[in-house]
């Protein structure tokens, strides 16, 4: 079974020690069960699964834990079941071959750096069930051209989309009250952004380096603007000067 792993429901139940199994095409597959029905730890830092290409998680797994698939650079496809409620910190960080992912409506939390440096990821739809988006969640997703941000989100973490250099436009929903520091820094293709009246604060360097940004309408609701928010926004500065 080359490059494919199926994790069955309750397959790690009551296993407190690390279990390993040799897989053709990869070096070691490791499972670390912290509590029942949690898919945890396929990280290359401990397991070296650079050849892993496809993952199908079956059954009633409730979470993909921190660092689960971190650095699986050949992983191109992952199936996340509707039972999963949390995507852990750095869960898919550095999965540079991952071109698309479907986040089910059961997910309420996307951890920090969850999809950071997934450089082939071209689009993502964050479901309405998500209320928390961790810092750097999609940082460095350089192929990300479109993103759907749900009305359920209230806070956009620091560096959430930092370095998403292909992102051309973004609509921030009315539910968001604060844009974190460096939220869209380095999104050099970003030409337009809509900031709703719900936003009261914009963090430091939130749009720094967005050199294609032609203009921003700042709502009256904003009471705090951090340092260097529009630094390097050349076209924006020109339009302000006319």
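Points worth noting:
- Among the residues of the range 104-116, the one identified as over 8 Å from the mean Cα position of the chain (by Cα) and over 15 Å from residue 153 (Cα atoms) is 104.
- Residue 228 in a loop (DSSP other than H, G, I, E, B) and buried (at least 18 other Cβ atoms within 10 Å of the Cβ): no
- Qualifying position, being modelled with pLDDT of 95 or more, closer than 30 Å to residue 100 by Cα and surrounded by fewer than 22 Cβ atoms within 10 Å (Cβ to Cβ), among 192, 165: 165
- Meets criteria (assigned by TED's automatic domain parsing to the domain that holds residue 51, buried (at least 16 other Cβ atoms within 10 Å of the Cβ), within 13 Å of the chain's Cα centre (by Cα) and free of Cβ contacts under 8 Å to residues at least 60 places away in the same chain) for residue 90: yes
- Hits in the range 117-135 - residues which are assigned to a strand (DSSP E or B) and touching a residue at least 24 places away in the same chain (Cβ under 8 Å): 123, 124, 132, 133
This table checks each residue for (1) surrounded by 16 or more Cβ atoms within 10 Å (Cβ to Cβ); (2) free of Cβ contacts under 8 Å to residues at least 24 places away in the same chain; (3) assigned to a loop (DSSP other than H, G, I, E, B).
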{"position": "81", "(1), (2), (3)": "yes, no, yes"}
{"position": "96", "(1), (2), (3)": "yes, no, yes"}
{"position": "102", "(1), (2), (3)": "no, yes, yes"}
{"position": "115", "(1), (2), (3)": "yes, no, yes"}
{"position": "139", "(1), (2), (3)": "yes, no, yes"}
{"position": "143", "(1), (2), (3)": "yes, no, yes"}
{"position": "147", "(1), (2), (3)": "yes, no, no"}
{"position": "158", "(1), (2), (3)": "yes, no, yes"}
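- Any hit, the range 124-136, residues being at pLDDT 95 or above and either buried (at least 24 other Cβ atoms within 10 Å of the Cβ) or touching a strand residue (DSSP E or B) at 6+ places or on another chain (Cβ under 9 Å) (or both): yes
- Qualifying residue in the range 187-206 (condition: in contact with a strand residue (DSSP E or B) (Cβ under 6 Å, 6 or more places away or on another chain) and under 27 Å from residue 106 (Cβ atoms)): no
- Residue within the range 142-160 that is at pLDDT 95 or above and under 10 Å from the mean Cα position of the chain (by Cα) present: yes
The values are calculated or read from the model by the stated rules, or taken from the named source; none is laboratory data. Owing to the predicted nature of the structure, the values given are computational and were not obtained by experimental measurement. Because the Cβ atoms are built from the backbone with ideal geometry, glycine has one as well, and the counts that use them run over all protein chains shown.
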